[in-house]
1. When the residues of region 128-154 are narrowed to those that are touching a helix residue (DSSP H, G or I) at 6+ places or on another chain (Cβ under 8 Å) and free of Cβ contacts under 8 Å to residues at least 60 places away in the same chain, which ends up surrounded by the most Cβ atoms within 10 Å (Cβ to Cβ)?
2. Could you tell me whether residue 215 is surrounded by fewer than 19 Cβ atoms within 10 Å (Cβ to Cβ), at positive phi and within 21 Å of the chain's Cα centre (by Cα)?
3. Looking at region 31-38, can you tell me whether even one residue there is in contact with a strand residue (DSSP E or B) (Cβ under 7 Å, 6 or more places away or on another chain), within 20 Å of residue 211 (Cα to Cα) and surrounded by fewer than 14 Cβ atoms within 10 Å (Cβ to Cβ)?
4. Take residue 171 and tell me if it is touching a helix residue (DSSP H, G or I) at 6+ places or on another chain (Cβ under 9 Å), touching a residue at least 12 places away in the same chain (Cβ under 8 Å) and surrounded by fewer than 17 Cβ atoms within 10 Å (Cβ to Cβ).
């Protein structure tokens, strides 16, 4: 009897949270949209600590699966467009400057990730450069209705101001949890249809959230 009462109580609380989550207003950017010409780099996947702009890797030498970066680039561009951000230098154009900087630095002592990306930003002649990086990636083991191990991702977004030579960091980390384990994630649970999602879906949610945090 006691177990039944507990189950009903928890179920009603979960239902209330789901209803509340579904009634939220439209999300707005946390800060005003940055001013100036924006360039957007494609996602990179640092496998050594010297390749990241801030922080450290949980595990070095472990790249993401093939095709992951291209898929995330597509989500990134689609999300920018959804946020009415259209006038920016594309990842394809930024890649040309990445190759130029690599060529210019060939044969020289290894430079920091900061000097490398600042060089790319100056090469592309933009006021701002968005640098997205994947620093952790674990795919779910199982299916949408049950998993042995849930998906887990960590993404970093760095917005470099070329004129001031400063950057703003927005980090996203999530390992999906069951609703019963964390009632505070009820909104995400509802948005995901009460299913266990892929790492790509987690990353898509992270891109949406962190672009808003940066005003993009």
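Coordinate-derived values only; no laboratory data. Small disclaimer: the values here were computed from a predicted structure and weren't measured. All Cβ positions, even for glycine, are placed from backbone atoms using ideal geometry, and neighbour counts span all protein chains on display.
1. In this case the residue turns out to be 153.
2. Numbers: surrounded by fewer than 19 Cβ atoms within 10 Å (Cβ to Cβ): yes; at positive phi: yes; within 21 Å of the chain's Cα centre (by Cα): yes.
Yes; evaluated as a whole, the condition is true for this residue.
3. Scanning region 31-38, I find at least one residue that is in contact with a strand residue (DSSP E or B) (Cβ under 7 Å, 6 or more places away or on another chain), within 20 Å of residue 211 (Cα to Cα) and surrounded by fewer than 14 Cβ atoms within 10 Å (Cβ to Cβ), so the answer is yes.
4. On the way: touching a helix residue (DSSP H, G or I) at 6+ places or on another chain (Cβ under 9 Å): yes; touching a residue at least 12 places away in the same chain (Cβ under 8 Å): yes; surrounded by fewer than 17 Cβ atoms within 10 Å (Cβ to Cβ): yes.
So residue 171 fits the description; yes.
Let's see how each residue does on (1) part of a loop (DSSP other than H, G, I, E, B); (2) in contact (Cβ under 8 Å) with a residue 12 or more places away in the chain; (3) farther than 29 Å from residue 177 by Cβ:
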site	(1), (2), (3)
46	yes, yes, no
72	no, yes, no
80	no, yes, no
86	yes, no, yes
107	yes, no, yes
115	no, no, yes
